[in-house]
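Single-structure report; data block below.
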Amino acid sequence: MLFDLLAFDKSWGRWGAELVGMAPTASDDQLGAGKWAVGPAFGFVASGQKLMWGVFNQNLFSFAGDDDRQDVKVSILQPIINFSLPNKWSIGVSELNITYDWEKSAWTSLPLGMKINKLVNFGKLPVMFSGAYEYNFQDDYVAPEWTVNFTLKILFPI
């Protein structure tokens, strides 16, 4: 999937809109759609002293690709909630990708999870360590029932 959100700064936070696209890279039906898809993406994020919140929405609709594969018509919502704690720790919701499949008329992913982060500096280079846990209440399709992940992000200053 590829997207580039055009963002606008406001006094209350940031918002953005753009197109999102998907290429037919999967060789097997279980690994992906095998379709070209495109659609709108929207999002906003606001923050206070310790709380950051918002939502990101992507919508994909197929327009070309393997005729033997099912069409893509999905909406993906990703809520954003993060609370800053002392000593550069934070806690919030995990990378929740709540997915509705318009072709199936069903939710194909309804996860609930949390993430904990720790920001450390190696010299002047900030690095974010994260651990997340998710349970998917709707795992009848491709999405896993349980997800645990650990992430290391190197944050290069711009």
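Taking F44 as the residue in question, decide whether it is buried (at least 17 other Cβ atoms within 10 Å of the Cβ), touching a strand residue (DSSP E or B) at 6+ places or on another chain (Cβ under 7 Å), in a strand (DSSP E or B) and not aliphatic (A, V, I, L, M).
Yes; evaluated as a whole, the condition is true for this residue.
Scan (1) in contact with a Pro (Cβ under 9 Å, 6 or more places away or on another chain); (2) aliphatic (A, V, I, L, M); (3) surrounded by 13 or more Cβ atoms within 10 Å (Cβ to Cβ) for the single condition V120 breaks and write down its number.
Among (1) in contact with a Pro (Cβ under 9 Å, 6 or more places away or on another chain); (2) aliphatic (A, V, I, L, M); (3) surrounded by 13 or more Cβ atoms within 10 Å (Cβ to Cβ), V120 violates only (3).
Quick one: L96 ticks every box in (1) in contact with an Asp or Glu (Cβ under 8 Å, 6 or more places away or on another chain); (2) more than 30 Å from K118 (Cα to Cα) except a single one, so which number is it?
In the conditions (1) in contact with an Asp or Glu (Cβ under 8 Å, 6 or more places away or on another chain); (2) more than 30 Å from K118 (Cα to Cα), L96 misses (2) alone.
Look through the range 128-158, keep the residues that are surrounded by 14 or more Cβ atoms within 10 Å (Cβ to Cβ) and among the aliphatic types (A, V, I, L, M), and return whichever of them is nearest to V93 (Cα to Cα).
A132
Whether any residue in the range 45-57 is β-branched (V, I, T) and more than 18 Å from W102 (Cα to Cα) is what I want to check.
Checked the range 45-57: at least one residue is β-branched (V, I, T) and more than 18 Å from W102 (Cα to Cα).
Please work out which residue is modelled with the lowest pLDDT, limiting yourself to the range 72-89 and to residues that are of a type outside the set (A, V, I, L, M), over 16 Å from G54 (Cα atoms) and surrounded by 15 or more Cβ atoms within 10 Å (Cβ to Cβ).
Ranking the qualifying residues of the range 72-89, first place goes to K73.
Which of the numbered conditions does K104 fail, given that it passes all the others? Conditions: (1) in contact (Cβ under 8 Å) with a residue 24 or more places away in the chain; (2) not in a loop (DSSP other than H, G, I, E, B).
(2)
Before we move on, is P111 of a type outside the set (V, I, T) and modelled with pLDDT of 95 or more?
The answer is no for P111.
Take L125 and decide whether it is touching a residue at least 24 places away in the same chain (Cβ under 8 Å), closer than 21 Å to A46 by Cα, loosely packed, with under 12 Cβ neighbours inside 10 Å and in contact with a strand residue (DSSP E or B) (Cβ under 8 Å, 6 or more places away or on another chain).
No; evaluated as a whole, the condition is false for this residue.
The values are calculated or read from the model by the stated rules, or taken from the named source; none is laboratory data. These figures come from a predicted structure and were not determined experimentally. Neighbour counts run over all protein chains shown; Cβ positions are idealised from the backbone, glycine included.
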